[in-house]
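Each remark here refers to the structure printed beneath this line.
The values are calculated or read from the model by the stated rules, or taken from the named source; none is laboratory data. These figures come from a predicted structure and were not determined experimentally. Cβ sites come from the backbone with ideal geometry, for glycine too, and all protein chains shown count toward neighbours.
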Amino acid sequence: MIVLTASVAAVVAVGLVVAVLAVRHTPGTGTAAASSGAAPAGGAAAVRLLLSARGRSALSPELNAVLPAGQLFPQGTTFTAAPGGWHRAGAYANLAGTLREPGRAAHRAEIGFVYRHGRWLVTFEAVA
Amino acid sequence: MNRRGGAGRVAAAAVALALLCPAQAALAAATPTPTPGTCVTGQLQPVPGIGQKLAGSVPVVFIHGINSSAAMWHVSSGLSIAGQAALIKGVTAWTFDYAHQSLDWVKDQRIGPAFAAAIACLARASRHKVIVVAHSMGGLATQYAIGYPGSPAAGDVGELITIGTPYQGSALLSAMQAAVSGSEAGSLPSGGAGYVALAEALLSACAGIATHTDSNPCWLVSVLRSPVGTALQWQSPQIRQLPPWPPGLPVLDIAGDVRIQVPVGARTITQDFGDVPVSLGSATAHDTAGPAYVRHCSPLTLLGAVHLDPGPCFHTHLPNDSDVIAVVLAAIRSYVKAATSAQTSPESFPIEYPQDMTLACIQQYGQGAHAQWVNTISPPSYGAQCFRAGSLLGGLDLDAWCPVEATLHHFSSPAGWHSDNPYRYSLATSTIKPWETWRCYQN
């Protein structure tokens, strides 16, 4: 299980975890691949970026263009990926887990991704 | 997606022959080949109704859309759109099936041309023009069937009712095609950027969903690589090259209208996506029979649409929505009334049922009404006793009407009813609304 947070300390810790994950899951660009399991390093990195103050730079350009302006998540938000919560089909994937925002009850959430130009970009984040 | 096998077709054909020509039922059982003149083929099947002859009736043909089959019309259910149409006096209801070609474009010999042959046969045998009720691409298949050069069905369709037909193509399909191919989406309708964002979100959310059934938007993923996945793109050349509609053909468009929310944290895109695959503008682009009927629904979240229930406005759910069914049935009745000079009803009529009966149901429409009595002393179920109403409204025979279990669960207040004893009710015809259906009253 990985825990992703906007705090520096957590980022370092998560970086260690996702470095291990990266050995097992390297995103490809094939269109027919389908898999599930733990999030790859690139996916985890995208989640970290999404929860940071620069969260909008984690979004796909198409989504960023139409999503209303403003910060996406309050500082201190964390996302804990569920075991086996990563599902991928070709260049698209989603990750299930638990989102915790400061001052609010934790809730199950799902994050969508598209793999483009060597990195995973976020296509949605929603209450599951 | 339900696709009927060969054995099923033989059985269905035998049932069809029994309905149309009871004397030949035994022959049909022994000889699976349909007899000439019935119009029944492996693709064209009658919906079990009240046993009317094709000759003199108004044929109503239901044609499905992409990645589907005639099973989508649920003909065995008395609550389905086709099941109810088959019970309209003066109507014979039919389904046309092209399940095995439903990922091919409408020019396929077993789609457009085969449908043209079916329409022409029904029109010839009934001596009436045919009403077509089309879902999705079925509307475009009809456009091709009645308009291609040399079509045997030219002039044989009296009215077309389309449900979610992409007259201008599907913007979402185009956006999804562009997303998976990494290309630009090209020209899209108003709100095109929202379609691109939704396409990517949908493709992401559908990852890991193994069964792409037509009960949620993920089924679109399964058609991307098919011929219709290209042909049904927004303003595609294939659509633009379809033959022109016959002048004066009444076409009633029915469309879904739902807003979908694609959120990220505290921000959300909310955009109107029609019935999701087909935008409102595309589904109502060819309406010549008055205002289109638009079924409006509450907004959906992306994950709600994918993992839960996309609701009655969703493309594949529209034909099963009770409001849509009521509109279609009203349009059929109106056409049939005009075509057959329907009988007029009295100002009011008595409704009586035996003392051991505890429930009465009335089906109202236009200028007429049907009544039935249900014995609820024993547990209600499909096939519960149905009692002949005798002769109402100038001799409408209700003998073949049987209750459907679901009607027993749709009680409503007996507004407009008048009763002078527990077993007698009457309803003034002035209270009959054009497409009001079952109204039941428990004693």
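Looking only at segment A:109-122, count every residue that is farther than 16 Å from residue A:51 by Cβ and within 12 Å of chain B (Cβ to nearest Cβ) and tell me the total. Going through segment A:109-122 one residue at a time, the tally reaches 4. Taken as a whole, the structure leaves residue B:276 outside the set of residues that are closer than 27 Å to residue B:335 by Cα, under 22 Å from the mean Cα position of the chain (by Cα), of a type in the set (A, V, I, L, M, F, W, C) and surrounded by 23 or more Cβ atoms within 10 Å (Cβ to Cβ).
Residue pairs whose Cβ atoms lie under 8 Å apart, sitting 6 or more positions apart in sequence or on different chains, and linking a residue in segment B:260-283 that is over 23 Å from residue B:229 (Cβ atoms) to a partner that is in a strand (DSSP E or B) and among the aromatic types (Phe, Trp, Tyr), are B:263/A:124; B:264/A:124.
Restricting segment B:216-259 to residues that are aromatic (Phe, Trp, Tyr) and assigned by TED's automatic domain parsing to the domain that holds residue B:320, which is nearest to residue B:318 (Cα to Cα)? Restricting to residues being aromatic (Phe, Trp, Tyr) and assigned by TED's automatic domain parsing to the domain that holds residue B:320, the top hit is B:234.
Of all residues in segment B:133-162, exactly one satisfies the criterion of being of a type in the set (A, V, I, L, M, F, W, C), closer than 15 Å to residue B:288 by Cα and in contact with a Gly (Cβ under 8 Å, 6 or more places away or on another chain), namely B:160.
Among the residues making up segment B:224-244, those that are part of a loop (DSSP other than H, G, I, E, B) and either closer than 17 Å to residue B:199 by Cβ or not hydrophobic (A, V, I, L, M, F, W, C) (or both) are B:224, B:225, B:226, B:232, B:234, B:235, B:236, B:241, B:243, B:244.
Of all residues in segment A:34-73 being at the interface with chain B (Cβ under 7 Å from one of its Cβ atoms) and among the hydroxyl-bearing types (Ser, Thr, Tyr), which is farthest from residue A:116 (Cα to Cα)? Applying the filter and picking the extreme gives A:36. Is it the case that some residue within segment B:37-49 is more than 27 Å from residue B:158 (Cα to Cα) and modelled with pLDDT of 50 or more? No. In this structure, residue A:95 does satisfy being modelled with pLDDT of 95 or more, facing another protein chain (nearest Cβ under 10 Å) and buried (at least 23 other Cβ atoms within 10 Å of the Cβ).
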